[in-house]
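Please read the structure below before turning to the comments.
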Amino acid sequence: MDTYESVLLVKNEVFVFKVPPLTTNRGHKAADWNLNEPQWTGRMRLVSKDKEVYLKLEDKTTGELFAKCPIDKYPGIAIQPVSDSSRYFVLRIQDDNGRTAFIGVGFSDRSDSFDLNVALQDHFNWLKKSEEIEKEKDVPKPELDLRFKDGETIKINMKITKKDGSEATSKPKTRTGGGGLLPPPPGGVKIAPPPAPSVNSSPSHAAPNTKPESWGEFASAPSPGGATTPSNPNWVQF
């Protein structure tokens with residue numbers, strides 16, 4: 001898979017100077033470079049490709065590469081500040097054959113050099129953070145055990161919101177004192193029918209369309225003088 005370049009910073013004007021050999025251990029000084037006569041003027045681009053970062057000096061018009069400076073760390077030997085100005089640096093450039101040389105570069109505006117410092121710091125901070133994340137992935141992590149231990153319980157208080165916005169707990173209320181009717185059993189209450197009429201019941205309680213029983217016949221009473229009245233099956237003469 002091809003990795004594309006990512007442009008981190010572009011400065012459209014940068015000056016290149018010839019750097020004399022160091023004569024002291026105090027570092028490079030821009031005042032020794034003959035700042036009024038730069039050797040080359042062009043564009044600077046700071047680009048990254050995967051984990052590598054480069055400073056490229058290119059022609060403003062054609063984009064032709066003038067010099068390339070690979071940067072492995074910052075601060076480092078690849079790009080060094082000078083001791084007498086914040087607008088100038090010493091770059092270690094490298095060709096395709098691996099040969100290196102040192103040149104001086106500078107900006108007319110101090111804010112351009114500040115932007116270059118910030119862009120380099122951000123890149124290497126990001127690179128350091130990415131390496132730390134990769135290392136953490138390789139470290140085994142203990143498995144999180146969320147199971148209940150023996151005898152361990154959990155209590156949950158649930159709240160129910162009513163239509164009026166008030167809250168009611170799910171705990172049932174306990175009724176105190178008497179009063180109140182028990183709900184009917186399932187299926188309703190069945191009432192037993194009245195008992196059937198007995199044989200000795202009076203005619204008034206007889207079932208409809210049932211003929212009342214006969215009173216029966218009684219023996220005729222003797223009339224005065226010993227005469228008797230002919231018997232009537234339904235009446236008795238006194």
For residue 54, the lone unmet condition from (1) among the aromatic types (Phe, Trp, Tyr); (2) in contact (Cβ under 8 Å) with a residue 24 or more places away in the chain; (3) surrounded by 15 or more Cβ atoms within 10 Å (Cβ to Cβ) is (2)
Here the qualifying pairs (Cβ atoms under 6 Å; residues six or more apart or on different chains; first in the stretch 24-40 and at negative phi; second charged (D, E, K, R) and outside any strand (DSSP E or B)) come out as 29/84; 30/84; 31/84
Within the stretch 94-106, the residues that are within 15 Å of residue 55 (Cα to Cα) and either out of contact with any Leu (no Cβ under 8 Å at 6 or more places or on another chain) or not hydrophobic (A, V, I, L, M, F, W, C) (or both) are 94, 95, 96, 100, 101, 104, 106
| query | Looking at residue 88, is it among the aromatic types (Phe, Trp, Tyr) and under 48 Å from the mean Cα position of the chain (by Cα)? | reply | no
Of the listed residues (86, 48), the one being more than 15 Å from residue 10 (Cβ to Cβ) and at pLDDT 90 or above is 86
Of 105, 90, 82, the only residue that is closer than 30 Å to residue 23 by Cβ, surrounded by 12 or more Cβ atoms within 10 Å (Cβ to Cβ) and in contact with a helix residue (DSSP H, G or I) (Cβ under 7 Å, 6 or more places away or on another chain) is 82
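In the stretch 57-76, is there at least one residue being touching a Cys at 6+ places or on another chain (Cβ under 7 Å), surrounded by 13 or more Cβ atoms within 10 Å (Cβ to Cβ) and not small (Gly, Ala, Ser)?
No, the conditions are met nowhere in the stretch 57-76.
The values are calculated or read from the model by the stated rules, or taken from the named source; none is laboratory data. Here the structure is a predicted model, which means the values were calculated and not measured. Here Cβ is always computed from backbone atoms with ideal geometry, including for glycine, and neighbour counts include all displayed protein chains.
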